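S.K.: Once you've had a glance at the structure underneath, I'll fire off some questions.
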Amino acid sequence: MGSNLAIRLRQNFGLATGIVLFCVVYLGYHLSHPKGFSSAVLVQNSNEVFTLAMVAMAQTVPVLMAGLDLSVGALMTMVDCFASYLMTGAAAGTPLAMDFIGIRLTFGTLPGGVPGLLLGMLICLGIGTLGGLLNGMVVVYGRIQPIIATLATGAIYIGVALHLRPQPGGKIDDDLNWALTNSLGEFASTVHIFDDGAASWFAPLAWIPTPFVLLALIALVVWVPFRRSVAGRTIYAIGSAEGAAYMSGLAIDRAKLIAFTLGGFFAGCGGVFLAIQTSSGNADIPQAGAYTLNSIAAVVIGGTSLLGGTGSAIGSIFGALILRVISFFFRIFDIAPLLQPLFEGLILLVAVSISAVRVLRIKNTLELFR
Amino acid sequence: MAEATATDFLVLSGIAKRYGGVRALENVDFACRRGQIHAVLGENGAGKSTLIKIVAGVVQPDAGTITLDGVLHQFRRPAEATAAGVVCVFQELSLIPDLSVADNISISAPPKRFGLIDTRAQTRRAEALLAEVGCEDVNPLLRVHDLPLSRRQMVEIAKAIGQRPKLLILDEATSALTSADVERVYSLLARLKAANVAILYISHRMHEVDALADRASVFRNGRHIETFDEGTRTTSQIVQLMIGRDISTQYPPKPDRQRPPAALKIENLVWENRLQSISLDVGAGEIVGLGGLDGQGQKMLLLALFGVLRGLTGTITVNGRVVRPGSPSDAKAHGTGIALVPEDRKIEGLMLPMSITDNLAIASLKNLLSGPFVDAGKERRAVEAGIERLRIKVGDRADAVSTLSGGNQQKVVIAKWLMTGPRIILLNDPTRGIDVGTKQELYRLMRELADQGAAILFYSTDYDELIGCCDRVAIMYDGRIVRELTGADLNETNIISASLNIATSEPAAAPHVATAHG
Amino acid sequence: MSALAGGLKLSREDRPIAIAALFLVAILIAGTVYTWVRFGSAPLLSPTYLLLQLQIGAFLGIVAAGMMVVILISQIDLSTPWTLTAAAMMATAVGGPWAIPIALGIGLAVGIVNGLGIAYLRVPSMIFTLGVNAVMRGLMVAHTGGFAPQTEATPLMRSLAAERTFGIPNALFVWIAVSVVIVLILRRAPLGRYIYAIGNKEAAAYLAGVQTRVVTVICFAICGLTAGIAGVLLAGYSQKAYQGMGDAYLLPAIAAVVIGGTNILGGRGRYLGTLIGVILIVLLNSVLSIMDMPEAGRQAIYGSVIILMLLVYGRSERVTS
């Protein structure tokens, strides 16, 4: 029905604007780029965007519940450091051991080769998910406000990251690095599928950057079903009207736990990819902080309200894309590197202030305080 | 008191509940049957809401038992009550504003496919339930916050019957409904009754209770007073049960004098489409009432005078001077002297976690200074004066104001404003949710303030209050003042017909004794 | 927050302060035990040591004082790091008698901009101050070319930060002065009542005639000013300003305020708690230094301490209606 479509469009207005804005900006970027519209540029862009997009998705979930997760950057960094140990792909396998206050703990050995690699990746994702679960438990059972709870857990995660990698180091399996940070064609040839990428039906798809496909896969396979699950809907309900959600008999605590755990999973994905991309583990505290704060900006730009109840992780992906593309612009326009932070800051400020236009149209000032 | 019989579906025995120092319910025995509409009557503060919340699992009783169909139950949360077949439609809606109608209707047990919510089945279910309540025109995909209040209430009712209740409780469910929707609810209830559902119906509207109920129970001060079959008591008998004493409310006598000059002069006030050229005078020493159906602009008028609305056009004159309050701070300023006792005291009138002293002093701190700081002695004296004048029952002044009863909380709000020495006092439905004793005190206080020279503009949803207290009543309809009633014209018939915007040239009815019923 | 609770009955607001104070003592004891066992001495209990800690604590304390005011009205200020840095950099760049006024002016100006955006445009403070922080960083990077400025702090700045009068560090006097002003505002002035009122229920405060927007601007101005003061002192202490000098103060300031019993959602909290929170964090840091705890362990302990303290008294009510 035509009117139903109109209703859906009106309801997803924030997301639609985000997508349109991104398309315009990205188109402009490629038009201005000397090597615009080439696979190489697309691949490079998608590599630089992936981690922030994942961290932004991680931030979206608590924001939907009118909360905030200040540990997403730290959690991502912690997983990044774990990955630099667990995903080396060493043929002889990786001993799982850790020094902890002078005691050496051993957990066995990770097998070598591809099985070990995949197992290592799974463990890393599991660590991210567990970190999210810890966040959730502190918030739900400790009954501590999310912003402070995650401030504290973030410090713990950074501590663990620093313990793992006091100096940047480690390595990621070269094949894995090559496969996941290039186009689908390279992925296919590295992994030896589809005739090493030469299959005729595959050729038109070979240029698509693998990170982009990964992003779309994670969004489709994890976020979209989650949003249509009862837990997902409960999260929106909590952000919109927690009291009414309780009166309606929704399982609020369970939903909060699931929300933070999901956020941890996304942050873990970001950490794994960052490790793969940089082929090392780096407990970079300022970088972790920057990711956290940028994730908040990405969420807001992507149309999710900090007051909770409306928005989507898909919007946050586009918010992250917009943020990154803006910095790409600086490269091609050769803006003095000294002026870049200033421009980035101004654009961020203007972008988030645009939501304020709504305020100027409100005629009953009491409504501002709701 | 009605004895529980074998055909009773819900049986409450010895239920008690305290909130801090306030006894909300005491030793309540109550029973209702299937296939009957059982009305629950009582003044605000009689304990009806608490009773309902206990049956619906929102709060737990301090003592007593709940039996459903012979089985003892202990509901620790609303979901447990719903599982046992008890569904409640509360006054404060339980809808999620940012979710769609279909989502809300199937919020707790949605149809699923492959573990995920089946949106199409959900939409179909919503359409079916909306049809059952007669609201086929509501599009299930709309977000709830896009719907007007009456439609939202209908969605809430559709959601309730979707849970196939064995006991349906309606708490003032028709208060926000248009008359067409009220009819729909009546026929729905008739169908449910025929389907052997037990129905508990709380309402202040006597004509509704007359029309619908088979049995009625009266509560007063937290106790169950009496249960009787409909038709066995007259209205005045019921009212007497509800208020427990002599039928006629003591309204303070109105002075018989010439209309005083206008202290507050409103000319051609226009705002959005809610106020359409309002003109009204309020004299010093006058109590002018605002009447009419809900939502005709009465509250907006008060907010406009208090500086809360932007984009207002028209002229407001106070004691001969034109004023343009741009905020409550402007309105309260010494030269203008307007005070507003707001609609919702818990959100707009008080900072609940803060102390009684802080709440009382907050609007008049500028008068309590010595140098740049607050003078503790001046503050204490002013606070004591306020407590004494309003006869507020308080313990420790440092206690949070949330520990006070509703009536005393409202007194704190009023005392706070009196401390600013206002010349014009606006009251937004001040007696809603207040016990009868406090109401009487407020009526006396209003007349006293008027006699001391204040100009009072008073919005109330209670006709008897308007008739009893006010020198003049302006009835509003669709953002305009359609009639001003005074003297002998000020009677219930004229108020009702003016509220419905029916022109009437009927003479005033025989002298009308003001009765106190909701 | 008006009359003090009589006798020994600990009101809801006093409990966190008492617990934080106890915890502080516990840290002192634990640290002393450690140094006794390890070094055979108890440096933690020496007045010199404690004074030094307080001197270092002054920087964090001043930032936390301003942050508390903003948190009390249910907002937050994430622009403190680069406001502080900008104030420090411009003070050293300008030098002479104008150094300190310029720094304070910058802090004030940034605070006012924050306040205007948040009070009048109603942009959520989390995100607006984030943007302002980025802009301040951009301005400073553009101004300094990305390097630490070579200019030095003025002698007055150095004196305020590093030297002592009558054996007490001057920085401590500055902190005390700031504290006195904040306490006077919060407890004795009408502004303080308005702050708590807005933090509790902005709608009710507005309808009581409180000029909520003006108060918001003032609160952010105070927070910016304290950031400026801290910038002056930090630059004085290190003799110069440097990139990112303010970053290490943001989260500890928020933590100190919260550990001290102030509710992160606003409306509740006493300044004494913030003071104790600051001292607790500073002491914890230094005890961990003495123990040669690597940064990794420090961060983990830092986070665990916050959670532990909040579990003991920071629990919010379950939302039921």
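S.K.: Looking at chain C as a GNM with Cα springs under 10 Å, which of C:Arg15, C:Arg188, C:Arg38 has the largest mean-square fluctuation?
M.R.: Of C:Arg15, C:Arg188, C:Arg38, the most mobile in the Gaussian network model is C:Arg38.
S.K.: With unit charges on the beta carbons (Lys and Arg positive, Asp and Glu negative) and the dipole taken about the Cα centre of segment B:364-420, which residue among B:Gly395, B:Pro372, B:Ile414 sits farthest to the positive side?
M.R.: The Cα lying farthest towards the positive end belongs to B:Ile414.
S.K.: How big is the Rg/Rh ratio for segment B:8-243, C-alpha atoms only, Rh by Kirkwood, two decimals?
M.R.: Reported Rg/Rh, Kirkwood definition of Rh: 0.97.
S.K.: Please work out the Cα convex hull volume for chain A and give it in Å³ per residue.
M.R.: Dividing the Cα hull volume of chain A by its residues yields 177 Å³.
S.K.: Additional query: Å³ per residue of the Cα convex hull, for the protein assembly as shown?
M.R.: It comes to 204 Å³ per residue, whole-number rounded.
S.K.: Okay, next question. Measure off 7 Å from each Cα along the Cα-to-Cβ vector at B:Phe373 and C:Val183, then give the distance between these two points in nanometres to one decimal.
M.R.: Result: 1.1 nm between the two label points.
S.K.: Follow-up question, since we're still on this one. Would you mind checking the tilt of helix B:436-451 against the longest principal axis of the Cα atoms of chain B, expressed as 0 to 90 degrees and rounded to 10?
M.R.: Between the helix axis and the principal axis of chain B, the angle is about 20 degrees.
S.K.: Only helical DSSP H runs with n ≥ 4 go in: add -39500 (n - 2.57) per run for the protein assembly as shown, normalise by residue count and round the 222 nm mean residue ellipticity to 500 deg cm²/dmol.
M.R.: Per the formula, -16500 deg cm²/dmol.
S.K.: Work out which chymotrypsin sites (Phe, Trp or Tyr not before Pro) in chain A are exposed loop sites (DSSP not H, G, I, E or B, at most 16 other Cβ within 10 Å) and give the longest gap free of them.
M.R.: Between the exposed loop sites, the longest stretch runs A:208-332.
S.K.: Quick one: which residues, 5+ away or cross-chain, put their amide H under 5 Å from the amide H of B:Leu200? H built at 1.01 Å from N.
M.R.: HN-HN under 5 Å from B:Leu200: B:His38, B:Leu168, B:Ile169, B:Leu170.
S.K.: Rounded to whole Hz and in sequence order, give me ³J(HN,Hα) for segment B:343-355 from the Karplus expression 6.51 cos²θ - 1.76 cosθ + 1.60, θ = phi - 60°, writing x for Gly and Pro.
M.R.: 5, 10, 5, 6, 9, 10, x, 9, 9, 3, x, 7, 5
S.K.: Pop the C-beta distance of C:Ala42 and A:Arg104 into the FRET formula with R0 = 35 Å and round what comes out to the nearest 0.05.
M.R.: 0.60
S.K.: For a quick check: sort C:Thr216, A:Thr94 by the number of other beta carbons within 10 angstrom, fewest at the front.
M.R.: A:Thr94, C:Thr216
S.K.: When the dipole is taken about the Cα centre of the protein assembly as shown, and only Lys, Arg (+1) and Asp, Glu (-1) are charged at their Cβ, what size is it in debye, to the nearest 20?
M.R.: 1320 debye
S.K.: So if I take the centroid of the Cα atoms in segment B:76-154 and the same for segment A:183-232, what is the distance between those two points in Å?
M.R.: The distance from the Cα centre of segment B:76-154 to that of segment A:183-232 comes to 38 Å.
S.K.: Using the alpha carbons of segment B:123-204, what is the convex hull volume per residue in cubic angstrom, as a whole number?
M.R.: 88 Å³
S.K.: Distance between Cα centroids, segment C:35-104 to segment C:155-169: provide it in whole Å.
M.R.: 14 Å
S.K.: Here's something else I'd like to know. Mean Kyte-Doolittle hydropathy of -1.0 or higher plus an axial Cα length of 24 Å or more: which whole DSSP H helices in chain C meet both?
M.R.: Membrane-span-like by this criterion, though nothing is claimed about a membrane: C:14-39, C:47-72, C:99-119, C:125-144, C:212-238, C:271-290, C:295-313.
S.K.: Treat the count of other C-beta atoms within 10 Å as a stand-in for reagent exposure and order C:Met89, B:Met446 from fewest to most.
M.R.: The fewest-first ordering by Cβ neighbours comes to B:Met446, C:Met89.
S.K.: For a bin width of 10 Å, list the pair-distance distribution of segment A:165-243 built from all Cα-Cα distances, rounded to whole %.
M.R.: Each 10 Å bin holds this share of Cα pairs: 16, 28, 22, 20, 12, 1.
S.K.: When 1/r is averaged over all different Cα pairs and the result inverted, which Kirkwood radius in Å belongs to chain B?
M.R.: 25.0 Å
S.K.: Which value, in debye to the nearest 20, gives the size of the charge dipole of chain B about its Cα centre, when Lys and Arg are +1 and Asp and Glu are -1 at the Cβ?
M.R.: The calculated dipole for chain B is roughly 1060 debye.
S.K.: Continuing with the same structure: Per residue of A:344-354, what is the mean number of Cβ atoms on other protein chains within 10 angstrom of that residue's Cβ?
M.R.: Average per residue, whole number: 6.
S.K.: From the residues B:Val182, B:Gln60, B:Val138, which one has its Cα farthest along the dipole of segment B:8-243 in the positive direction, the dipole being from +1 and -1 charges on Cβ of Lys/Arg and Asp/Glu about the Cα centre?
M.R.: Selected residue: B:Gln60.
S.K.: With only Lys, Arg, Asp and Glu charged, each at its Cβ (+1 for the first two, -1 for the last two), find how big the charge dipole of segment B:239-371 is about the Cα centre; round to the nearest 20 debye.
M.R.: So the magnitude is around 240 debye.
S.K.: For B:Thr461, what residues show an amide H to amide H distance below 5 Å, using hydrogens built from the backbone and excluding near sequence neighbours?
M.R.: Under 5 Å from the amide H of B:Thr461 lies no amide H from a residue far enough along the sequence or on another chain.
S.K.: Sticking with this structure for a sec: Checking a compactness column here: for chain C, what do you get for Rg(Cα) / (2.2 N^0.38 Å), N being the number of residues?
M.R.: Expressed relative to 2.2 N^0.38 Å, the Cα Rg reads 1.00.
S.K.: Averaged across C:186-198, how many Cβ atoms of other chains sit within 10 Å of each residue's Cβ atom?
M.R.: Mean number of neighbouring Cβ atoms from other chains: 4.
S.K.: Hey, which of these cross-link pairs are over 27 Å Cα-Cα: B:Lys411/C:Lys201; B:Lys17/B:Lys346; B:Lys378/B:Lys439; B:Lys48/B:Lys332; B:Lys17/B:Lys299?
M.R.: In this structure, B:Lys378/B:Lys439; B:Lys48/B:Lys332; B:Lys17/B:Lys299 lie more than 27 Å apart at Cα.
S.K.: Apply the Karplus curve 6.51 cos²θ - 1.76 cosθ + 1.60, θ = phi - 60°, to the phi angles in segment B:294-310 and return the couplings in whole Hz, x for Gly and Pro.
M.R.: Working through the residues one at a time gives 4, x, 8, x, 4, 5, 5, 4, 4, 4, 4, 5, 8, x, 8, 9, 9 Hz.
S.K.: Between C:Val215, C:Val232, C:Val258, where does the largest GNM mean-square fluctuation fall for chain C, given springs only between Cα atoms within less than 10 Å?
M.R.: C:Val215
S.K.: Going by a ≥ b ≥ c, the root eigenvalues of the Cα gyration tensor, does segment C:11-101 fall in the rounded group (a/c under 1.5), the prolate group (a/b larger than b/c) or the oblate group?
M.R.: oblate
S.K.: Where in chain A are the DSSP H helices whose C-alpha atoms run 30 Å or more along the long axis and whose mean Kyte hydropathy is at least 1.6?
M.R.: Within chain A the helices that satisfy the rule are A:113-140.
S.K.: Longest segment of chain B with no GluC sites (Glu not before Pro) in a DSSP loop having at most 15 other Cβ atoms within 10 Å?
M.R.: In short, B:273-518.
S.K.: Just to confirm my numbers, what's the Cα centroid distance between segment B:48-64 and segment A:287-365 in Å?
M.R.: Each part reduced to its Cα centre gives a spacing of 48 Å.
S.K.: Build a GNM of chain A with springs between Cα atoms under 10 Å: which of A:Gly89, A:Gly303, A:Gly264 gets the top mean-square fluctuation?
M.R.: So, out of A:Gly89, A:Gly303, A:Gly264, the one fluctuating most is A:Gly89.
S.K.: Something else now. In the calculated pair distance distribution of segment B:350-420, what percentage of Cα-Cα distances lie above 20 Å?
M.R.: Within segment B:350-420, distances greater than 20 Å cover 20 percent of Cα pairs.
S.K.: Give me a comma-separated list of calculated 3J(HN,Hα) values for segment A:178-183, in order, Karplus coefficients 6.51, -1.76, 1.60 applied at θ = phi - 60°, integers in Hz, x for any Gly or Pro.
M.R.: 5, 5, 8, 10, 10, 7
S.K.: Sticking with this one: Placing +1 on the Cβ of each Lys and Arg and -1 on the Cβ of each Asp and Glu in the protein assembly as shown, which of B:Pro252, B:Thr431, B:Gly222 has its Cα farthest towards the positive end of the resulting dipole?
M.R.: It is B:Pro252.
S.K.: Straight-line reach from B:Lys166: which aspartates and glutamates have a Cα under 13 Å away, not including same-chain ones fewer than 8 places off?
M.R.: Qualifying aspartates and glutamates at Cα under 13 Å: B:Asp8, B:Asp69.
No value in this document is a laboratory result; all are computed from the given coordinates. Predicted, not measured: the structure shown is a model, and the values here were computed from it. A quick note on method: Cβ atoms are made from the backbone with ideal geometry, for glycine too, and the neighbour counts reach across all protein chains shown.
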